[in-house]
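Working notes, beginning with the structure itself.
The values are calculated or read from the model by the stated rules, or taken from the named source; none is laboratory data. Everything numeric in this text was worked out from a predicted model, so none of it was measured. Counting neighbours? That spans all protein chains shown, and the Cβs are built from the backbone with ideal geometry, glycine included. Note: accessible area is taken over every heavy atom of the protein model, side chains too, but ligands, DNA and RNA are not part of it. Shrake-Rupley method; radii C 1.70, N 1.55, O 1.52, S 1.80 Å.
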Amino acid sequence: MKKKVLYITTVSGFLPQFLENDVKLIQHMGYEVHYASNFYHPVYYFDKKELEAKGIILHQINIEKSPARLGKNVQAILQLRRIIDEEEINMIHCHNPMGGAAGRCAAKISRQRPYVIYTAHGFHFYKGAPVKNWLCFYPVERFLARWTDALVTINGEDYLRAADFHLNKGGFVKQIHGVGVDLQRFHHRPELVKSKRKELGIPEKAFHIVTAAELNENKNQRVVIEAIEQMKNADIYYSICGTGPEKKILEKLIKQKHLEQYIRLLGYRTDMEEILQTADVFAFPSLREGLGIAAVEALACEVPLIVADNRGTREYAEDGGNGIVCPAENVVAFRRAIEYLYGDAEYRSRLSRECRQTAERFSIQETAIRMQEIYRKADQASSLQENIH
């Protein structure tokens, strides 16, 4: 009988955006791949036909990002249970908080009882998190850990937290470096700078800041916008790549600051490896990050960082080594960081030389080694369980 794995995400498009390397690994091990998500709420661009052409079987579930949408999420749990049982799924790999919760609940109440892997892309409870996050999310994650065979984290703080959880018998916690960066795709290509700047409308000699992230409150792009407004420097341009619920709010803020000429919302981009070539600095001001692979991609292109201090950026950002680290909500700190890097090209060059070396620790090859270990353990355990049954 063919072995089957079910990937579960709350955010549709998450698999093609972040999990393609995992899919290749598991397919190479002989697994048929199924993917369940709410395809009516896309965040990342994806093509269903392209996924199906790669042998991925899609399942629509009515899962919602908000835990408050209880009715929809209970419905999603029942839908997942049906998929697990009807398709005779051997292993599930769930992502995102609600994807992790629904997937583990469905596995627990299913007849099939598949091996359960949960990747936490950044717990909502962390040092400095609001009390409500600890009250709401910590007890749930700690409870659901007992229905988890492999709990995967992407930063050191979450790993230490998860190591204290009680997992299913024989379960384990493993840290990986995110989804991995393709260092062949993301690397320094100075020959592209002039033409790409022209395409984007960035003057050849201007100082260009780039951000790539979903447009939401947590990603905190507004702190950079406000810092630029304080500087009143006509030589500084800011390109924000991504889509999300804060788009209109950011558009309004840019207009209020009279910065339409200098700050652009470029939308979702599939050419980030080229856009990064035009950047003098990559800004990543998130209030919270599990890791933040977009910043590592910038490092791979030898672009220095200006980042907010959080548990994700602490994995790779070195203040004075490959960038400047600022308090997340401190506009003045971000303004001073931009001013410093703008005014000292030699310092920027020194930071750039350190960037690529940092990024190499986060390559897809390094991540693949760790994920392969996890999948091999899961395969052995699920095969043993099948033989027992």
Accessible-area composition of segment 328-387, carbon plus sulfur, in percent [1.4 Å probe] = 42 percent
query = With all protein chains present, how much of the accessible area of segment 228-293 (probe radius 1.4 Å) comes from carbon and sulfur, to the nearest whole percent?
reply = 47 percent
Which labelled figure in [x] 35, 23, 17; [y] 31, 27, 21; [z] 39, 21, 20 is semi-axes √(5λ) of the Cα gyration tensor in Å, once derived from the coordinates = [z]
remark   = Counting only protein heavy atoms with a 1.4 Å probe and every protein chain in place, the carbon and sulfur fraction of the accessible surface of segment 128-173 in whole percent equals 61 percent
key: Count of Lys pairs (Cα-Cα under 16 Å; at least 8 positions apart or interchain) in segment 1-149   = 4
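To the nearest 20 Debye, how big is the dipole of the chain about its Cα centre, given +1 on the beta carbon of each Lys and Arg and -1 on that of each Asp and Glu?
The calculated dipole for the chain is roughly 920 debye.
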task = Please list, in chain and number order, the residues 5+ apart from residue 324 or on another chain whose amide H is under 5 Å from its amide H, with Hs placed from the backbone.
result = 305, 306, 307
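Relative contact order (percent) for the chain, with alpha-carbon contacts under 8 angstrom and 6 or more residues of separation? Walk me through the numbers before you get to the answer.
Values: 727 pairs, mean separation 53.3, N = 389.
RCO, the chain: 14 percent.
Please say if segment 1-113 is rounded, prolate or oblate, where rounded means a/c under 1.5 for a ≥ b ≥ c the square roots of the C-alpha gyration tensor eigenvalues, and otherwise the choice is prolate for a/b larger than b/c and oblate otherwise?
Numbers: a/c = 1.91, a/b = 1.15, b/c = 1.67.
Oblate shape, in that a/c is at least 1.5 and b/c is the bigger or equal ratio.
Once whole DSSP H runs in the chain are found, which of them have Cα atoms spread over 15 Å or more along the helix axis and a mean Kyte-Doolittle score of at least 0.0? Please list the in-between numbers first.
On the way: long enough: 70-87 (25 Å, -0.19); 97-109 (19 Å, 0.38); 131-144 (20 Å, 0.35); 221-231 (16 Å, 0.24); 331-343 (18 Å, 0.58); 345-359 (22 Å, -1.48); 364-388 (35 Å, -0.76).
Those that clear 15 Å and a mean of 0.0 are 97-109, 131-144, 221-231, 331-343.
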task = Go through 375, 313, 330 and say which Cα lies farthest out towards the positive end of the charge dipole of segment 309-381; charges sit on Cβ, +1 for Lys and Arg, -1 for Asp and Glu.
result = 375
query = Just going by the charge dipole of segment 148-290, with Lys and Arg at +1 and Asp and Glu at -1 on Cβ, which of 285, 215, 202 is farthest out on the positive end?
reply = 202
note = With only helices counted (DSSP H, runs n ≥ 4, each -39500 (n - 2.57)), the per-residue ellipticity at 222 nm for the chain, to the nearest 500, works out to -13000 deg cm²/dmol
ask   = Is segment 48-145 best put as rounded, prolate or oblate by its Cα gyration tensor, with a ≥ b ≥ c the root eigenvalues, rounded for a/c under 1.5, and otherwise prolate when a/b is larger than b/c, oblate when not?
value = prolate
request  = Bin all alpha-carbon pair distances of segment 36-101 at 10 Å intervals from 0 and give each bin's fraction as a whole percent.
outcome  = 19, 51, 29, 2
message = Under 20 Å between alpha carbons, and skipping anything fewer than 8 positions from residue 205 in its own chain: which lysines qualify?
response = 194, 196, 232
request  = With a 1.4 Å probe and every protein chain left in place, work out the accessible area per residue of the chain in Å², rounded to a whole number.
outcome  = 46 Å²
